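Down below is the structure, laid out as structure tokens.
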Amino acid sequence: STKMVDIIAKRAKDKHGIPRERLVLNYSHNHSCPVTADVLWLYYDLSPAEAAARDRYTNRLYDQYDEVIGKALANLAPAEMSFDQ
């Protein structure tokens, strides 16, 4: 979701000094992803315990983004990026 992207980008800026225009995030549509606080929540009537588990998972996911961004910065190397349509 755009909210998740905004949170990830803000944390990358705050923790690592990476401006949003320098951050590339890729995501795709699927039918088997875990429910997060900002994606798919409206399709499920979650119990309070399930909602708490969803929120713990969402926070863990944000922490994992922080970790992988930090590891990437610690291991910078020249690269070439391209795309195709």
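List of remarks:
- The residue pairs whose first member lies in segment 28-39 and is under 16 Å from I8 (Cα atoms) and in contact (Cβ under 8 Å) with a residue 12 or more places away in the chain, whose second member is open to solvent by 40 Å² or more (accessible area, probe 1.4 Å) and of a type in the set (G, A, S), and whose beta carbons are closer than 6 Å, counting only pairs six or more residues apart or on different chains, are D38/S1; V39/S1.
- The residue that is nearest to the chain's Cα centre (by Cα), counting only those in segment 1-21 that are surrounded by 11 or more Cβ atoms within 10 Å (Cβ to Cβ) and under 12 Å from I69 (Cα atoms), is I8.
- Scan of segment 33-59 for residues that are under 27 Å from A72 (Cα atoms) and either polar (S, T, N, Q) or open to solvent by 100 Å² or more (accessible area, probe 1.4 Å) (or both), ordered by number: T36, R56, T58, N59
The values are calculated or read from the model by the stated rules, or taken from the named source; none is laboratory data. Since the structure is predicted, the reported quantities are computational estimates derived from the model, not experimental observations. Don't worry about glycine lacking a Cβ; one is built from the backbone with ideal geometry, like all the others, and counts go over all protein chains shown. Just so you know, the surface numbers come from the protein's heavy atoms only, side chains and all, with ligands and any DNA or RNA stripped out. Shrake-Rupley method; radii C 1.70, N 1.55, O 1.52, S 1.80 Å.
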